[in-house]
Amino acid sequence: MLRRDPRRCLTATATAALLVVDAWFDVTTSRLGPGLATAVAMAVCAELAMAALCTVLAVRALASRTRDKAPDTDGSDLQVNAAT
């Protein structure tokens, strides 16, 4: 991220997906009682929060990447239609 590598979007997206799947797997395989409470607390407070952060980072990286590749808006690349 510090080097502004364009591939950071892919890494953040993959990490977010893996965190969500891990949270889901932990909650669905835990036993009722304290184990389930611990799994839900870890999923909500740690894994899903980190997945949300990774998603925000991925969206920002993608937005900055598309903004950097946007065409110039000075009109030099537009074609003028003679019929209008």
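The values are calculated or read from the model by the stated rules, or taken from the named source; none is laboratory data. What you see is a predicted model; the values in this text were computed from it and never measured. Protein only, heavy atoms only, side chains kept; ligands, DNA and RNA dropped before computing areas. Shrake-Rupley method; radii C 1.70, N 1.55, O 1.52, S 1.80 Å.
Checking every residue in the stretch 6-16 against the condition of being more than 13 Å from the chain's Cα centre (by Cα) and assigned to a loop (DSSP other than H, G, I, E, B) gives at least one match. Filtered by the rule that a residue be open to solvent by 60 Å² or more (accessible area, probe 1.4 Å) and within 15 Å of Arg8 (Cα to Cα), the stretch 27-64 gives Leu53, Thr55, Val56, Val59, Arg60, Leu62.
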